Structures are given as C-alpha cells and as structure tokens.
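The values are calculated or read from the model by the stated rules, or taken from the named source; none is laboratory data. Values in this document were obtained by computation on a predicted structure and should not be read as measured data. With ideal geometry, Cβ positions are generated from the backbone for all residues, glycine too; neighbour counts draw on all protein chains shown.
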Amino acid sequence: METVKDFVFKQRKYMPVFPKAAGQPTVYIEGYPYEDAEPIPATGFHGEQINIFYDQLSRYFAIHPDIYVGVDNFIYYREGDMRKCVAPDVYVVLGAAKYPLRRSFYTWSEGAVPTTVFEFLSDTTASEDREGKIEVYLNDVGVCEYFIHQPEMEKPAEFRGWRRDSSGGIVEILPDADGGLFSVSLNLYFRYEDRLESHVRLLRPSLPDGTVITTSLEEEHLRVAAEDRAEIAEDRAEAAEDRAEAAEDRAEAAEDRAEIAEDRAEAAAALAAAEAQRRREIEDELEHLRRQIANR
C-alpha cells in the first residue's frame, strides 16, 4: 500500500532539476492590464478540469519554493508591447519563485519563461489552440512544452503535445500505448480518465513510475479511510487487551482455586495422618488391656 512517506520520497526523487530564475518575482507592472475587458466564460467541464489540474500541480510542486504554477492569467513576453500577451489555462515556470502570487507574469522582469503550458479545448479556441498557439508558445514565448486536451466526454478524445528539440525545432510528443504523454521538463506523465458522473475527461499527472498524483478530494478520502483504519486497529487493540486481561483474570482465578485445592489436600492429608495416629494409639491401648486381662 502506498503511504504518505513513500510518496514524499518519490516526490523528492522525481522533482525536476533546474536553475533559479535570473530576475525577481513581480506582482504587477503599471500599464499592463491583468483582466479581460470582456472575459470569456468557461464551461463546467473546463472549470472542473482546470481547478482539479491546477490543484494537483500546485500541491505536487508545493515542496519546491522556486516553481510557480499559474492559472488563467496574462503572460507578457515582450517588454513594452502589451499585444505580446497570452493567457494559458494552466502553466508551470521552473525557477520562478512560488510567492508572491502575481496578477500577471512578466518574462523579462522574472528572468524566466513558462516551462510547460496546458490549454483545454473549447469551441471558441480549439482551432487556435491546435494551430496558431503552437508557434506562439514554443517559438515566440519560448516555452519548452505545450499540451492541449479535450475535457468534454461528449467530444472526441484529443490529447496532444509538442516540444522544442535540441536544434530549436518543434516536434510532436509521441504518446505511449495508453495514449499518455511524458513531460521531460516536468518529469511527469499525463494521462486522461473518464469521469462518468461529471462527463469530464480528466487529464491527470502521475510520477514516472506510474504513481498517480491524487486530487484534493481523493486525498481527503484517503485521510478519512486511514483514520477509519487507525480507529478500527485501535478498537481491535483495545479488544485484544481486554481479552488478555480477562485471560489473566481467569488464570489468577484458576491459580487461586489451585491454591485452595492444595490447602484442602494438605488439610485432608493432615487429618488422615492424625486419624491414623489416633487409630494406632487406640490399637496400642487395646493390646495393653488384653495383656493385663491375660495376666490376671
């Protein structure tokens, strides 16, 4: 059974290695908008996928102070040009300080660009996510990896990824036999599973050895189950202790009965010896009387 201690060991073992960003964490630079004038609403499918996915990555990378996980905020990647801006659903920046939280991410100020970007397909952005953003993210922004995923189960499954190779070219990441993709930068596998109750095709991260990173809800269920098991084990231990005490009481009672029986046996033996002695004395006295009568 996977224990918290086991997972923490693996978490540290598989954590990516990277240099610290050259700049400083920047909450906000005056003049750069950090909100959409007309924000595009997300569907419930996207909301659940983004929230759970962000929560998983944030909790997994929480042990490292220099990994920043962003969700649905602006990334400005060219100083002085507010048009050079993207807003991915979820992104990870290796080397950038986790805190403070930012209104937007400014690559020139931070001295870092997002390492890996995730977009979840919607009807309004799917075409751009599949085509134009590949060039923008990998070449213009300079990210190492870019992934897209379709979270709606009613739509055909689509999970793809691209990365920049050693020569700077863009290559598509090949899936494994289960359709999963491996992020070299994050040292994590990503696979999806169907959640029938919500109709969400949920993208999930896992460690290189296949250990799945749990959601907060799963973590809570595991905690409650562990507490229940601990309570049951405690009850069993108490019951075993009660049985041991009862057995000890029975043993002491048996010992007391044995002592009583031994005392009675000793008393009976003493009485029998006394009776035997008395009988011999009577017999001796009778013999003496007989001799006296015979001598008269």
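For segment 64-86, check the following and say yes or no: at least one residue is among the basic types (K, R) and in contact with a helix residue (DSSP H, G or I) (Cβ under 8 Å, 6 or more places away or on another chain).
Looking through segment 64-86, at least one residue is among the basic types (K, R) and in contact with a helix residue (DSSP H, G or I) (Cβ under 8 Å, 6 or more places away or on another chain).
Which residues, counting only those in segment 34-90, are within 24 Å of K155 (Cα to Cα), of a type in the set (A, V, I, L, M) and part of a helix (DSSP H, G or I)?
The answer is I50, I52.
Out of K13, K98, I need the residue that is of a type outside the set (S, T, Y) and exposed (fewer than 15 other Cβ atoms within 10 Å of the Cβ). Which one?
The unique qualifying residue is K13.
Return the pair list, or none, for Cβ contacts closer than 6 Å from residues in segment 112-127 that are closer than 20 Å to G23 by Cα to residues that are in a helix (DSSP H, G or I) and not hydrophobic (A, V, I, L, M, F, W, C), at least 6 apart or on different chains.
V113/T107
Which one is farthest from L202 (Cα to Cα) among residues in segment 98-138 that are in a helix (DSSP H, G or I) and among the small types (G, A, S)?
Taking the candidates together, the pick is S109.
On the given criteria, is I67 buried (at least 17 other Cβ atoms within 10 Å of the Cβ) and within 27 Å of the chain's Cα centre (by Cα)?
yes
Considering only segment 139-154, I want to know if a residue exists there that is in a loop (DSSP other than H, G, I, E, B), touching a residue at least 60 places away in the same chain (Cβ under 8 Å) and either of a type in the set (K, R) or under 24 Å from Y34 (Cα atoms) (or both).
Yes - at least one qualifying residue is present in segment 139-154.
Exactly one condition in (1) surrounded by fewer than 11 Cβ atoms within 10 Å (Cβ to Cβ); (2) farther than 23 Å from T214 by Cβ is not met by T26; state its number.
(1)
Of all residues in segment 154-170 being more than 18 Å from I213 (Cβ to Cβ) and surrounded by 12 or more Cβ atoms within 10 Å (Cβ to Cβ), which is modelled with the lowest pLDDT?
Per the criteria, the residue is R164.
Among the residues of segment 174-194, what is the count of those that are in contact with a strand residue (DSSP E or B) (Cβ under 7 Å, 6 or more places away or on another chain) and in contact (Cβ under 8 Å) with a residue 60 or more places away in the chain?
4
Restricting attention to segment 173-199, which residues are over 22 Å from the mean Cα position of the chain (by Cα), surrounded by 14 or more Cβ atoms within 10 Å (Cβ to Cβ) and not polar (S, T, N, Q)?
I173, P175, H199
Search segment 128-146 for residues being buried (at least 22 other Cβ atoms within 10 Å of the Cβ) and touching an Asp or Glu at 6+ places or on another chain (Cβ under 8 Å), and hand back the single one that is modelled with the lowest pLDDT.
This residue is D129.
Please tell me if G95 is at positive phi and free of Cβ contacts under 8 Å to residues at least 12 places away in the same chain.
So G95 fails the test.
I'd like the full set of residues that are surrounded by 12 or more Cβ atoms within 10 Å (Cβ to Cβ), among the aliphatic types (A, V, I, L, M) and more than 20 Å from F118 (Cα to Cα), limited to segment 29-56.
Correct list: I29 only.
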